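Okay, structure first, notes after.
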Amino acid sequence: MSIIFDIKYGLLCTSILSFREKSSWISFVLILIAALLYFGTVLQIPLRLRNAPVGLFFTAALLIVGAIGITVLEIAAHIVAAIAAPADAMTPIDERDRYVAAKAKGFAFLVLSAVVFITIAGLLLGMTSWAACQALVLAFVVGELVRYGAEIVYYRYGSLK
């Protein structure tokens with residue numbers, strides 16, 4: 001069973017997931033939703049406006065507002081998760097958590113590096129600056145999704161043993 005929270009008496013209570021795994025799930029879901037909203041909005045900008053100052057300003061403003069929004073939501077969700085299981089949230093990072101984080105960051109770095117190099121190649125082949133900026137944002141988003149996804153898989157795989 002892979003539930004994040006049990007709802008009991010109107011309060012969020014602890015579940016079968018550790019706080020760090022809940023944290024990975026929270027980050028994964030929020031980044032995915034924010035990325036879908038961001039790219040869904042940005043890709044609707046007409047082609048003629050994408051490299052114009054108004055298009056670039058709108059894209060930058062959307063990115064900044066999105067980053068602030070996701071930060072606030074992450075903080076709020078992590079506070080709720082910590083309140084739901086304060087003892088679990090205060091548990092120090094152990095060897096397994098370090099191992100999971102290191103392996104996940106390794107995968108994320110490979111993905112991030114690959115997309116950055118593809119973007120550089122695209123720039124050399126005539127990609128517009130707007131498209132390159134979106135490709136770099138996508139690189140960071142995919143890298144973080146891979147990182148948190150790998151953490152989730154490692155936590156789940158470790159709990160199956």
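Rounded to the nearest 10 degrees, the angle from helix 129-160 to the longest Cα principal axis of the chain is 20 degrees.
Take each peptide in 64-70, 75-81, 150-156, count the other Cβ atoms within 10 Å of every residue, and average; sorted highest first, the result is 150-156, 75-81, 64-70. Pairwise alpha-carbon distances in the stretch 6-160 exceed 28 Å for 33% of all pairs.
Annotation: extensible slack from Leu47 through Leu63 equals 3.9 nm (criterion: 0.36 nm per residue apart, minus Cα-Cα distance). For the charge dipole of the chain, defined by +1 on Lys and Arg C-beta atoms and -1 on Asp and Glu C-beta atoms about the Cα centroid, which residue among Val100, Thr71, Ala114 has the Cα displaced farthest towards the positive pole? Result: Ala114, furthest along the dipole toward the positive end.
With an 8 Å Cα cut-off and a minimum separation of 6 or more residues, compute the relative contact order for the chain in percent. Working shown, then result.
Numbers: 127 pairs, mean separation 50.5, N = 161.
In percent, rounded to a whole number, it is 31.
Compared with the dominant Cα axis of the chain, that is its longest principal axis, helix 19-42 is turned about 20°. Mind telling me which of Leu32, Leu49, Leu63 comes out most flexible in a GNM of the chain, alpha-carbon contacts under 10 Å? Result: Leu49 has the largest fluctuation of those listed. A Förster radius of 41 Å, combined with the Cβ-Cβ distance separating Thr71 from Leu125, puts the computed FRET efficiency at roughly 0.75. Shape of the stretch 34-112 from the C-alpha gyration tensor: oblate (a/c of 1.5 or more and a/b not above b/c, with a ≥ b ≥ c the square roots of its eigenvalues). Here the simple spin-label model places points 7 Å from the Cα toward Cβ, and for Lys103 and His78 these points are separated by 2.3 nm.
Where a number appears in this text, it was derived from the coordinates with a stated rule and is not lab data. Fair warning: this is a prediction, and the values are worked out from it, not measured in the lab. Neighbour counts run over all protein chains shown; Cβ positions are idealised from the backbone, glycine included.
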